[in-house]
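Read the structure below first, then the notes.
Every number here is computed from the coordinates shown, using simple stated rules; none is lab data. If you're wondering where the values come from, they're calculated on a predicted model, not measured in any experiment. Reconstructed Cβ throughout: ideal geometry from the backbone, glycine too, with neighbour counts over all protein chains shown.
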């Protein structure tokens, strides 16, 4: 990924665009026959020469053209015929973004495989659900991971849509009128590069396309943070239900196992998300163009793609190496003394004829008594005269039974398999 943004790679893409444009002009009879072949045979990009020329004249694209023309000779005069700098730069940038998104799609697929494997292994592993940081109802660790897998399918779809949107080029000359570079040549050249022409362009490709690319990256980073944040919370000392495969110790406290990888991923997500604002602001330029977007993109694209690539790769490692402790998860449920089953008791009272408000107040009172006395909710409720009067043995059965509460989790897995988009963006059969 880093190599895509190196200066050598940038200059190579510029040359590819120039050669495709030259070939298209020759095929339409605008450039003398044989010119493109001779130029292609001799063209190379002397990187150091380009750097020295740019220092001298202060224009990177002109420096590139002069350096290539020095290598090619007289035929070099036909390079850049009818084009403007943004034609070459924007089209070359699209080539880079398409390749970079393909790399991320591959990383997303591998993360998806790891998530599905983890979810499948722990689909029946019970764990306390938590909302607002408080005990909620029991769920399964597999269902928690399945939600990440399902979201990754949407992240991947966004990456794929962004790739489709940015797979365009622009070879229409200054301010986009095709004054000296005909649309037919643009279509031929871009087809050779694997791109489509923008239906309409000013001097630049509209930056809403580029903002969509960065949104897809921010979406991927946000999911990685969601995974990492949950790992951090579940690995806290007082929870200890999971742990990173390779936690980092402390220089002062040898007992510690710090979830450094997860914390790093959460921090990097902030950087990627923060880039979306400048990308959206790049869309509003003066008239047919100005240069305010260029400096932003020179920073954002290499930084955000490299970070997102890193994050997806490290997230996969986090998932694959994650240590899961099912016995601790079950112990936490038991420590909750039946409180996570309060909804079942509430609904049983409602089914038996008690008003919902009365039932809610009664169960809240019983839960408070359970917390105060240290007894389980089932014991406290079983000793309450009103509960005994309202609920018979049949209604009481299974209220505090873990398999009963979790009996429909498998249906979520079935839904994901049958109907949701998987991580490769296809419908499951």
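Each listed q (0.19, 0.28, 0.30 Å⁻¹) maps to a log10 I(q)/I(0) for region 85-146, found by the Debye formula over equal Cα scatterers with no solvent: -0.76, -1.01, -1.06. Pairs of Cα atoms nearer than 8 Å and 6+ residues apart set the relative contact order; for the chain it is 17 percent. A convex hull fitted around the alpha carbon atoms of region 2-81 yields 84 Å³ per residue.
Using the alpha-carbon atoms, what tilt in degrees (0 to 90, nearest 10) does helix 183-193 show relative to the longest principal axis of the chain? Between helix and principal axis, roughly 60 degrees. Over region 86-332, the hull volume per residue, using the convex hull of the C-alpha atoms, is 136 Å³. Look at the alpha carbon pairs under 8 Å that are at least 6 residues apart: their mean separation over the length of region 1-130 gives a relative contact order of 26 percent. Here r is the Cβ-Cβ distance between residue 238 and residue 77 and R0 is 60 Å; the resulting FRET efficiency, rounded to 0.05, is 0.20. Peptides 181-190, 98-107, 14-23, ordered by how many other C-beta atoms sit within 10 Å of their residues on average, highest first, read 14-23, 181-190, 98-107. This structure gives mean projected area of the Cα convex hull in nm², computed directly, and of (i) 29.0; (ii) 25.7; (iii) 27.5 that value is listed as (i). A Förster radius of 22 Å, combined with the Cβ-Cβ distance separating residue 9 from residue 200, puts the computed FRET efficiency at roughly 0.15. When each of 309, 208, 414, 109 is scored by the number of other beta-carbon atoms lying within 10 Å, the sequence from fewest to most is 414, 208, 109, 309. With no solvent and one equal point scatterer placed on each C-alpha of region 28-72, evaluate the Debye formula and give log10 I(q)/I(0) for q = 0.26 Å⁻¹, two decimals. Debye curve over Cα of region 28-72, log10 I(q)/I(0) at q = 0.26 Å⁻¹: -0.83. Region 5-155 has equivalent-ellipsoid semi-axes of 54, 17, 12 Å, by the square roots of 5 times the alpha carbon gyration tensor eigenvalues, sorted largest first.
For the pair region 16-30 / region 105-173, the C-alpha centres are spaced 44 Å from each other. Taking the longest Cα principal axis of the chain as reference, the axis of helix 326-335 is set at about 50 degrees. Sorting 254-264, 49-59 by their mean Cβ neighbour count within 10 Å, with the most densely packed peptide first, gives 254-264, 49-59. Need the C-alpha centroid separation for region 336-384 versus region 77-100, integer Å. Measuring centre to centre over Cα atoms gives 69 Å. Normalising the average separation of contacting C-alpha pairs (under 8 angstrom, six or more residues apart) by the number of residues puts the relative contact order of region 71-212 at 29 percent. Taking the convex hull of the Cα atoms, report for region 339-399 its projected area averaged over all directions, in nm². Taking a quarter of the hull surface, the average projection is 3.6 nm². Compared with the dominant principal axis of the Cα atoms in the chain, helix 260-274 is inclined by about 50°. The equivalent ellipsoid that matches the C-alpha gyration tensor of region 322-424 spans semi-axes of 31, 19, 11 angstrom, in descending order.
Largest first and in whole Å, the equivalent-ellipsoid semi-axes of region 230-371 read 47, 28, 12, each the square root of five times a Cα gyration tensor eigenvalue. Descending by average beta-carbon neighbour count within 10 Å, the peptides 126-132, 224-230 line up as 224-230, 126-132, the highest first.
The slack between residue 49 and residue 389, meaning 0.36 nm per residue of separation minus the straight C-alpha distance, is 113.1 nm. Distance from the Cα centroid of region 210-266 to that of region 279-321 is 22 Å (rounded to whole angstrom).
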